[in-house]
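Student: Structure incoming, see below.
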Amino acid sequence: MAFGTRVTIRWILSSLNFSILQGNQIVLQDLVRDKNYEIAVIPFNSQGSGPPSSPQTIYVGEAVPTGEPRELRAVALSSTEVRLSWQPPLASQQNGKLAQGVEFFHSLFAKLYKF
């Protein structure tokens, strides 16, 4: 005789992985970042499914972007100025709303190497 519970999730875009902690607790894994999920639990046995629990909506928060800025372009405007332009990471790799700030890392090579 089969019995147990099913977990239903709306708006999943990838395969669902989970770990069972105890008979009535699981951990859902590999969810898409920066998304809302609606989750319900449905009991079942050999005769069929029962009524679902009230759905719970949960937000899976932002994470560090996993994609790099694209199409970086540098144009020398003068001997002391460079204009930079770029496209943001792909939307699927932003993992949330990108901040409006910019961080620059640069290095200056002051030595002249002769061969």
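The numbers here are math on the coordinates, done by the rules we state, and not lab data. Just so we're clear, the structure is a prediction, and the values are computed from it rather than from any experiment. Ideal geometry is used to build each Cβ from the backbone, glycine not excepted, and the neighbour counts take in all protein chains shown.
Student: Work out how much length Gln87 to Arg70 would gain on full extension: take 0.36 nm times their residue separation and subtract the Cα-Cα distance, in nm to one decimal.
Tutor: Details: separation 17, 0.36 × 17 = 6.12 nm, distance 0.49 nm.
Net length gain for the segment: 5.6 nm.
Student: How high is the FRET efficiency between Ala99 and Thr57 when r is their beta carbon distance and R₀ equals 25 Å, given to the nearest 0.05? Present the calculation step by step, with values, prior to reporting the outcome.
Tutor: Working: r = 26 Å, r/R0 = 1.03.
Here the calculated transfer efficiency is 0.45.
Student: Describe numerically, in nm with one decimal, the distance between label points set 7 Å from Cα along Cα→Cβ at Thr80 and at Ala40.
Tutor: Here the modelled spin labels are 6.7 nm apart.
Student: With θ taken as phi - 60° and the coefficients 6.51, -1.76 and 1.60, list the Karplus ³J(HN,Hα) couplings across region 86-92 in order, rounded to whole Hz; mark glycine and proline as x.
Tutor: 7, 9, x, x, 3, 4, 5
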